[in-house]
Amino acid sequence: MNSFDITTESNQNISKFLNAEYNCTAIDKTTGESCGETETLKIIDEFQKLYETRIENVDREFQSEFEQVCMKLKISKEWIKNLREQNIMLVQVVEDLEQAACNRVKLLEQKLEHSSILMSGNMSNSLHTEKIINTLSNRVNDLEKDEGCLQQKVEFLQSDIRGLLELIRRAVQENHWNLDDIKFFEIQPSDIPIK
């Protein structure tokens, strides 16, 4: 089997892996909808195992040290490209989370304002209206707290992305994985293959 066959076969395996359906078993108790996020780390682990296996197979499939090094370099470049694509997806998810949080806060502010107008126009139902305002106010407060948590998570994820980019830069320039002085918040160093 030559290097082209190995690369083609590996790329086909990656494509099959990306196109596979993943059924999340977690269910959001408030909405009853299933969650699609629980498989993310498993997917990352599978990609890591796939690339590690490909690199391990190189020593068995190629006799010359030059061919082994060339193929390992090629696989490492593919791996880095894949990590970059994962980082881009992470950034997009973070941006979507930020936008969703802002939209929820705006919607609740509009509902609160609407409730306030109704209350001033109908004082006979003030007790009922006061309960609605309190409920909406509590919701706004909860969303503001959620927004703070999401903002912190976004900052942590952005920091992790910068850390991963630095790790990739070091790997490309120094030709080895080096986690020295790189701090991660959401990612565990054990999740990063530095072999």
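The values are calculated or read from the model by the stated rules, or taken from the named source; none is laboratory data. It should be emphasised that the depicted structure is a prediction, and the values quoted were computed from it without experimental measurement. Glycine gets a Cβ as well: all are built from the backbone with ideal geometry, and neighbour counts include every protein chain shown.
Restricting GLU56, GLU21, GLU61, GLU9 to residues that are over 23 Å from ILE192 (Cβ atoms), at pLDDT 90 or above and out of contact with any His (no Cβ under 7 Å at 6 or more places or on another chain) narrows the list to GLU61. Here are THR135, THR129: which of them is over 31 Å from the mean Cα position of the chain (by Cα), of a type in the set (Ser, Thr, Tyr) and modelled with pLDDT of 85 or more? Of THR135, THR129, the one residue that is over 31 Å from the mean Cα position of the chain (by Cα), of a type in the set (Ser, Thr, Tyr) and modelled with pLDDT of 85 or more is THR135.
Applying the selection to the stretch 57-88, what residues are more than 21 Å from GLU174 (Cα to Cα) and loosely packed, with under 13 Cβ neighbours inside 10 Å? Correct list: ASP59, ARG60, GLN63, SER64, GLU85, ILE88.
Taking the numbered list (1) at pLDDT 90 or above; (2) touching a Leu at 6+ places or on another chain (Cβ under 7 Å); (3) closer than 30 Å to CYS70 by Cα in turn, GLN173 passes all entries but (2).
For (1) among the basic types (Lys, Arg); (2) at negative phi; (3) part of a helix (DSSP H, G or I), each residue gets a yes or a no:
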| site | (1), (2), (3) |
| --- | --- |
| LYS111 | yes, yes, yes |
| LYS131 | yes, yes, yes |
| ASP142 | no, yes, yes |
| GLN152 | no, yes, yes |
| ILE161 | no, yes, yes |
| LEU165 | no, yes, yes |
| GLN173 | no, yes, yes |
| TRP177 | no, yes, no |
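Pairing each residue of the stretch 139-154 that is touching a residue at least 60 places away in the same chain (Cβ under 8 Å) with any residue that is in a helix (DSSP H, G or I), provided the two are 6+ apart or on different chains, yields C-beta distances under 8 Å for VAL154/VAL94; VAL154/LEU97; VAL154/GLU98.
Residues that are at pLDDT 90 or above, within 17 Å of the chain's Cα centre (by Cα) and of a type in the set (S, T, N, Q) occur at least once in the stretch 159-166.
Residues in the stretch 166-177 that are in contact (Cβ under 8 Å) with a residue 12 or more places away in the chain and surrounded by 14 or more Cβ atoms within 10 Å (Cβ to Cβ): GLU166, LEU167, ILE168, ALA171, TRP177.
Just checking, which of GLU144, GLU186 is of a type in the set (D, E, K, R) and in contact with a Lys or Arg (Cβ under 8 Å, 6 or more places away or on another chain)? Walk me through it before giving the result.
Numbers: GLU144 fails: in contact with a Lys or Arg (Cβ under 8 Å, 6 or more places away or on another chain).
Of GLU144, GLU186, the one residue that is of a type in the set (D, E, K, R) and in contact with a Lys or Arg (Cβ under 8 Å, 6 or more places away or on another chain) is GLU186.
Taken residue by residue, the stretch 118-126 has no member that is on the phi > 0 side of the Ramachandran plot and outside any helix (DSSP H, G or I).
Is it true that LYS77 is free of Cβ contacts under 8 Å to residues at least 40 places away in the same chain and under 24 Å from PRO189 (Cβ atoms)? Here the answer is yes, as LYS77 does meet what is asked.
Being touching a residue at least 12 places away in the same chain (Cβ under 8 Å) and either touching a Ser or Thr at 6+ places or on another chain (Cβ under 7 Å) or basic (Lys, Arg) (or both) holds for only one residue in LYS131, LYS106, LYS111, and it is LYS111. Within the stretch 59-74, being free of Cβ contacts under 8 Å to residues at least 24 places away in the same chain and outside any loop (DSSP other than H, G, I, E, B) holds for ASP59, ARG60, GLU65, PHE66, GLN68, VAL69, LYS72, LEU73.
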